[in-house]
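Structure first, commentary second.
The values are calculated or read from the model by the stated rules, or taken from the named source; none is laboratory data. Please read these numbers as outputs of a predicted model, since none were measured by experiment. Neighbour counts are summed over all protein chains in view; Cβ atoms, including those assigned to glycine, are modelled from backbone coordinates with ideal geometry. What goes into the accessible areas is simple: the full protein's heavy atoms, side chains included, and nothing from ligands, DNA or RNA. Shrake-Rupley method; radii C 1.70, N 1.55, O 1.52, S 1.80 Å.
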Amino acid sequence: MKKSLVALALMGAFTGAAYAQSSVTIYGTLDAGISKLTGGTTSVGKRDNNKLGFKGVEDLGSGLSALFQLEIRYEPDTGTIENTSGANSRPLFQGQSRVGLQGDFGTVRLGRGLTAFQETSTQFEPWSGMPAVAGYQTDLQVAGYTTDPMSPVGNSRNRFSNAVFYNSPVVGGIFQVNLTVQAKEANNNPAIVGKGTAAAPQFPANSAPTTTPYSLSATAINGPLGVYGAYEKNAIQSKIWSVGAFYKAMPELKLMGSYQSQDQTENVTINPKTKAWLVGANYTVGAGLVRLGYGQKDPDNVLNSPAIAKTKQVSIGYDYNLSPRTYLYIDASNKKATTTANFYSLGIHHNF
Amino acid sequence: MKKSLVALALMGAFTGAAYAQSSVTIYGTLDAGISKLTGGTTSVGKRDNNKLGFKGVEDLGSGLSALFQLEIRYEPDTGTIENTSGANSRPLFQGQSRVGLQGDFGTVRLGRGLTAFQETSTQFEPWSGMPAVAGYQTDLQVAGYTTDPMSPVGNSRNRFSNAVFYNSPVVGGIFQVNLTVQAKEANNNPAIVGKGTAAAPQFPANSAPTTTPYSLSATAINGPLGVYGAYEKNAIQSKIWSVGAFYKAMPELKLMGSYQSQDQTENVTINPKTKAWLVGANYTVGAGLVRLGYGQKDPDNVLNSPAIAKTKQVSIGYDYNLSPRTYLYIDASNKKATTTANFYSLGIHHNF
Amino acid sequence: MKKSLVALALMGAFTGAAYAQSSVTIYGTLDAGISKLTGGTTSVGKRDNNKLGFKGVEDLGSGLSALFQLEIRYEPDTGTIENTSGANSRPLFQGQSRVGLQGDFGTVRLGRGLTAFQETSTQFEPWSGMPAVAGYQTDLQVAGYTTDPMSPVGNSRNRFSNAVFYNSPVVGGIFQVNLTVQAKEANNNPAIVGKGTAAAPQFPANSAPTTTPYSLSATAINGPLGVYGAYEKNAIQSKIWSVGAFYKAMPELKLMGSYQSQDQTENVTINPKTKAWLVGANYTVGAGLVRLGYGQKDPDNVLNSPAIAKTKQVSIGYDYNLSPRTYLYIDASNKKATTTANFYSLGIHHNF
């Protein structure tokens, strides 16, 4: 005790945390390309989410580990935090902010991240769950469903904030169950009209969920075959269920498909049900990877309500790997909904 | 000079800064838990500040060092930058952003950080200065005082921006003096009514302080005994003075207490004076640490103005250390003010 | 295939990216000082941009490399992201966010960064392109020109978002050409009145450029002599051209100067043309560096429109190097425009 408190504080601040450096891994993705959508200008955009992350594992002994992960998301073309329209920024750690423990019991984490359904389903999608325009994850693979509607405008559509995340161990090397449960906290959402009126919205601004939102998924993967099933209910009681499978017909060829069904009967008066399906393939050729997909999204009663259109999407993509961390890509896609648009994209994807 | 400027710029940008990597330490805290306040929902929250920091020391020779530190603060439950109500974000480097020199003369730094009073007093508080609901730092240990009222809404309440920070060397291994002085810069504060009216506020929006805000603290630590005294005056001329002590009665037991008195006579018409005191203990039991505290905050003339209530808080906490960097915790607290509330919290605290 | 997808995802998230850590260099600058401008208060400010960056190079073989760079900019006195007036924050990665490839063909990058003109011209300025009040880069060396007027308020004035950046190889060890081209994307700019009216602005809010903005520069550096020429046209068709040179008369002495001419005839009705020139010197004395500069900025027809004044600036600065990474500095400057102001600054500049 020969040093004063401030001296100790300074020492801790500047030298005492030497153990810290070794425990943090910095990682990320920078993906930028040139793209063209029918009717739009040639623009600089992205195929994948852009990430700058910090993570670590601490071995606590006896098979127990502590885990943390913080992931910034950003737009490389403008240098901003990830946003939806240029106006509403998402959280700094949009990717995730979670801490927890891993052991024989599985993994338990607290914070913000992808739900069990969203994390599981991305693996059964031909663009690997990337939010590419040519991909199927953000629209068709979730049948238009939004995981966290009671968030601020512009927030994520596939994550829970204020949540507990559980992943079971892989039983028999085959089976795993995942569960995400969200606390019933108000989170500064704008009013959601739902079955109410603008003056008396079903969900007023800054509402708390009336029932607990949760997400459940299960996977079984054995040799070349993998299947999953998932169910999720959000804060305004919209529900989705989904099943899917992949099959590695050859070492170079992975076939996959999924079916999903959204039920919004609790908060939508017309066309509350939406079904979607997709099939896809990944084919490896030398340093290249061909991505193929076709899918449809069908709101019910489309015939009676032409404003709510059926969606059909066909896409092809090609990755050329310059290294295990870097590839060039080209995508082409045709999407028919209320209007029809072609999309082309050419870019570079770099992991660090 | 065989390379062009841009080539040199690129080289510098991509390879020339090889020395840089070795000089930066990344550190941080991720603390998340489940908590329940009387009348509120079960929610995901935190006990400690959550940090992601970057710091370094450069040895300049002759006992001189250059120091820098940048510290992001964030909310792990939502992934956002730290904020107060979900609406007003704090600065990206809310924790601190400072650069300076350390030598025989002590430490001089410029930028933004905790004032001398705030940095010193946290060490005499049973929750180690954490902003836990069960802790005493943010309300009782400062007698309701705000260090930087002329900041934007939602900004920090215990830091100076635009400041110079001085810490003396530890004289005789015992004594240290710390001084923080803030420049009289306007900093985009909203109007503060004070003794004026809404139409003619005492401090208009974006005011500059009329006198220089400063903070002074002194510590003496010898063997098991430590004492401090501190005085601070902010930009609207509210003042606080505080004294405190700790005593390590046994190696496992640290007793502590402090007294503080805020004087707002320059800008508040009724109840301008507030006194507070607290006592606490930290007791180590094996891998565990028990935290105990009791304190009161007394605005003057409470009897004549029942809206300004006396506060009484009793708290107990327990940390279970899984490693030197990771612990689980449980807190329970009862706080009586205008209303009475119980608080319970269970979580994980991970340093990296 | 004995592990489930989520297990694999976790493994990837926590251990699989071991290659990542080695590829990221963290670097930055923390510069803070005390400054005084005639008529203003003594304040804490900066001489240089403050940076926290992440960058890396991946060797792809055959002389090809992948590059990325992300650079946060911030204000050390308040801890915020860099901003212009305290009200409008710039992008998180204001410095740059770029990814690309380098090879025999030169360097191609996509994203956001300094234009060819801006990046080249900084090297011919006596304050090394720093945005110091005593320096010439932000006002005189660009003759008042703004690179990206169709950005959100407060955004950068010398960068392109949504751009492709090309730097040629250095031909013969002497010549290099640089080109930046911006996509014609709307980017949430406020309305710009231009030659229109407030009701019918020439460039409405969120306009797309009608012609493609671009920037071109060329350098020739041979022994002690370097020259450049540059031309740039922005999204509202303002143009600038610039030429400059440096000459190392002695190893300790670098002389430099530049001339630039802005043409705003497409969007300004009075005084559309502005010319500027500057001369400067850097002189090394032991561990010190003396910076000297003089320059003028002349809008046309100043006599007929006294509100648009001629600017004359003279500055002297001194750096004292404590190490290759850290120096103390002092600046003094006199600037005559519509008003005349003296500026003094004393601070510390630390690279990490």
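Being open to solvent by less than 40 Å² (accessible area, probe 1.4 Å), part of a strand (DSSP E or B), of a type in the set (Lys, Arg) and away from every other protein chain (no Cβ under 14 Å) holds for only one residue in C:Lys275, C:Lys297, C:Lys312, C:Lys335, and it is C:Lys297. When B:Asn158 is tested against the conditions (1) at pLDDT below 95; (2) within 14 Å of chain A (Cβ to nearest Cβ); (3) buried (at least 20 other Cβ atoms within 10 Å of the Cβ), the lone failure is (2). Scanning segment B:184-210 for residues that are open to solvent by 40 Å² or more (accessible area, probe 1.4 Å) and of a type in the set (S, T, N, Q) gives B:Asn188, B:Thr197, B:Gln202, B:Asn206, B:Thr210.
Within segment C:213-223, identify whether any single residue is in a loop (DSSP other than H, G, I, E, B), more than 19 Å from C:Thr107 (Cβ to Cβ) and in contact (Cβ under 8 Å) with a residue 40 or more places away in the chain, and answer yes or no. Yes, because at least one residue in segment C:213-223 is in a loop (DSSP other than H, G, I, E, B), more than 19 Å from C:Thr107 (Cβ to Cβ) and in contact (Cβ under 8 Å) with a residue 40 or more places away in the chain.
Among the residues of segment A:211-259, those that are open to solvent by less than 10 Å² (accessible area, probe 1.4 Å), in contact with a Lys or Arg (Cβ under 9 Å, 6 or more places away or on another chain) and not small (Gly, Ala, Ser) comprise A:Pro213, A:Ile221, A:Glu232, A:Ile240, A:Phe246. Looking at segment A:46-81, which of the residues that are surrounded by fewer than 23 Cβ atoms within 10 Å (Cβ to Cβ) and under 19 Å from A:Asp319 (Cβ atoms) is farthest from the other protein chains (Cβ to nearest Cβ)? Step by step, filter segment A:46-81, then rank; the result is A:Asn49. All conditions in (1) part of a loop (DSSP other than H, G, I, E, B); (2) closer than 19 Å to C:Pro76 by Cβ hold for B:Gly154, with the sole exception of (2). Against the conditions (1) open to solvent by less than 10 Å² (accessible area, probe 1.4 Å); (2) out of contact with any Ser or Thr (no Cβ under 8 Å at 6 or more places or on another chain); (3) acidic (Asp, Glu); (4) more than 9 Å from chain C (Cβ to nearest Cβ), A:Asp31 satisfies every one except (4).
Within segment C:91-123, the set of residues being small (Gly, Ala, Ser), within 22 Å of C:Thr146 (Cβ to Cβ) and away from chain A (no Cβ under 14 Å) comprises C:Ala116, C:Ser121. Whether a residue is open to solvent by less than 70 Å² (accessible area, probe 1.4 Å) and at pLDDT below 95 was assessed, and A:Val268 passes this test. The number of residues in segment A:122-135 being at pLDDT 95 or above and part of a helix (DSSP H, G or I) comes to 1.
For B:Arg90, state whether it is closer than 18 Å to C:Asp77 by Cα and either open to solvent by 30 Å² or more (accessible area, probe 1.4 Å) or touching a Cys at 6+ places or on another chain (Cβ under 8 Å) (or both). Here the answer is yes, as B:Arg90 does meet what is asked. Apart from one condition, B:Gly286 fits all of (1) loosely packed, with under 15 Cβ neighbours inside 10 Å; (2) modelled with pLDDT under 95; the exception is (2).
State yes or no: is A:Ala132 more than 9 Å from every other protein chain (Cβ to nearest Cβ) and either within 20 Å of A:Thr311 (Cα to Cα) or in contact (Cβ under 8 Å) with a residue 60 or more places away in the chain (or both)? Yes. Taking the criterion of being more than 12 Å from C:Arg291 (Cα to Cα) and surrounded by fewer than 24 Cβ atoms within 10 Å (Cβ to Cβ), the residues of segment C:115-128 that qualify are C:Thr122, C:Gln123. The residue list A:Val142, A:Val99 contains one member that is aliphatic (A, V, I, L, M), buried (at least 24 other Cβ atoms within 10 Å of the Cβ) and touching a His at 6+ places or on another chain (Cβ under 8 Å), which is A:Val99. Filtering segment C:34-45 to residues that are buried (at least 20 other Cβ atoms within 10 Å of the Cβ) and facing chain B (nearest Cβ under 7 Å) leaves only C:Val44.
Looking at this structure, is C:Pro169 part of a loop (DSSP other than H, G, I, E, B), within 11 Å of chain B (Cβ to nearest Cβ) and of a type outside the set (Ser, Thr, Tyr)? Yes; evaluated as a whole, the condition is true for this residue. Considering segment C:164-183, the residues that are surrounded by fewer than 16 Cβ atoms within 10 Å (Cβ to Cβ) and among the small types (Gly, Ala, Ser) include one that is farthest from C:Val142 (Cα to Cα), namely C:Gly172. With respect to the stated conditions, B:Ala245 fails to be under 25 Å from B:Arg112 (Cα atoms), touching a Gly at 6+ places or on another chain (Cβ under 7 Å) and part of a strand (DSSP E or B). If you filter segment B:142-155 down to residues that are modelled with pLDDT under 90 and farther than 20 Å from C:Thr41 by Cα, you find that the one that is nearest to the other protein chains (Cβ to nearest Cβ) is B:Asn155. Would you check if there is a residue in segment A:162-170 being without any contact (Cβ under 8 Å) to a residue 12 or more places away in the chain and touching a Lys or Arg at 6+ places or on another chain (Cβ under 9 Å)? Yes: segment A:162-170 contains one or more residues that are without any contact (Cβ under 8 Å) to a residue 12 or more places away in the chain and touching a Lys or Arg at 6+ places or on another chain (Cβ under 9 Å).
Among the residues of segment B:178-200, the one identified as part of a strand (DSSP E or B), within 12 Å of chain C (Cβ to nearest Cβ) and among the aliphatic types (A, V, I, L, M) is B:Val181.
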